[in-house]
1. Among (1) open to solvent by 20 Å² or more (accessible area, probe 1.4 Å); (2) at pLDDT below 90, where does A102 come up short?
2. Considering only region 105-130, state which residues are aliphatic (A, V, I, L, M), surrounded by 19 or more Cβ atoms within 10 Å (Cβ to Cβ) and over 22 Å from the mean Cα position of the chain (by Cα).
3. In region 93-111, which residues are more than 15 Å from V77 (Cβ to Cβ) and part of a strand (DSSP E or B)?
4. Test of understanding: among V32, V62, which residue is at pLDDT 70 or above, out of contact with any Cys (no Cβ under 6 Å at 6 or more places or on another chain) and open to solvent by less than 80 Å² (accessible area, probe 1.4 Å)?
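The values are calculated or read from the model by the stated rules, or taken from the named source; none is laboratory data. Keep in mind the model is a prediction, meaning the values are calculated, not measured. Because the Cβ atoms are built from the backbone with ideal geometry, glycine has one as well, and the counts that use them run over all protein chains shown. The area values use the complete protein model at the heavy-atom level, side chains included, leaving out ligands, DNA and RNA. Shrake-Rupley method; radii C 1.70, N 1.55, O 1.52, S 1.80 Å.
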Amino acid sequence: MSKRPTKEEEAGAIDLTPMLDVVFIMLIFFIVTASFIKEAGIEVNRPDATTSILKKNANILVAINANNEIWISKQQVDVRDIKSHIERLHAENPKGALVIQADNDAQIEFVQKVIEAAREVSVLDVSVATELK
C-alpha cells in the first residue's frame, strides 16, 4: 500500500517554478538592454599620449593598420566605401561617437579621409584612440 503524503509534507515542498520564471525574465531583460562592444576587427599599435579621455558612447570604431588598411566591424573596407559604412553605423545610434584606432605607422592621410567621411555624414564627435603613457 502506498502512503499518502500528509499535509505537513505537502506544505514543506517548495515550488521553484515562479522563481525560475523571474530569473529567466531578468536574464532576457539584461540581454536586451546590454550594450554590446563593437570591435573594429584588428589590433593596432596605438600612439602614446600623456593625457587621454575615456569615451563611453563610442559605437563606431574604425581601425587603420600599419599597411593603411581600414577596418570597420571586422571587415576590411575600401577607402571609397568608408562614408557609407559610417553612415549606416551612425543611423543605428545617432548619439554615438566615432573612434579611430590608427596604428603608429599608419599614414595620416588615411586618418584624415576617415574624419572627412564622418563629417560628411554629420558625425561630429570624432576621436583618435591612444595608449596612456
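1. Among (1) open to solvent by 20 Å² or more (accessible area, probe 1.4 Å); (2) at pLDDT below 90, the lone unmet condition for A102 is (1).
2. The one that is aliphatic (A, V, I, L, M), surrounded by 19 or more Cβ atoms within 10 Å (Cβ to Cβ) and over 22 Å from the mean Cα position of the chain (by Cα): A106.
3. Selection gives A97, V99.
4. Just one listed residue meets the conditions, V62.
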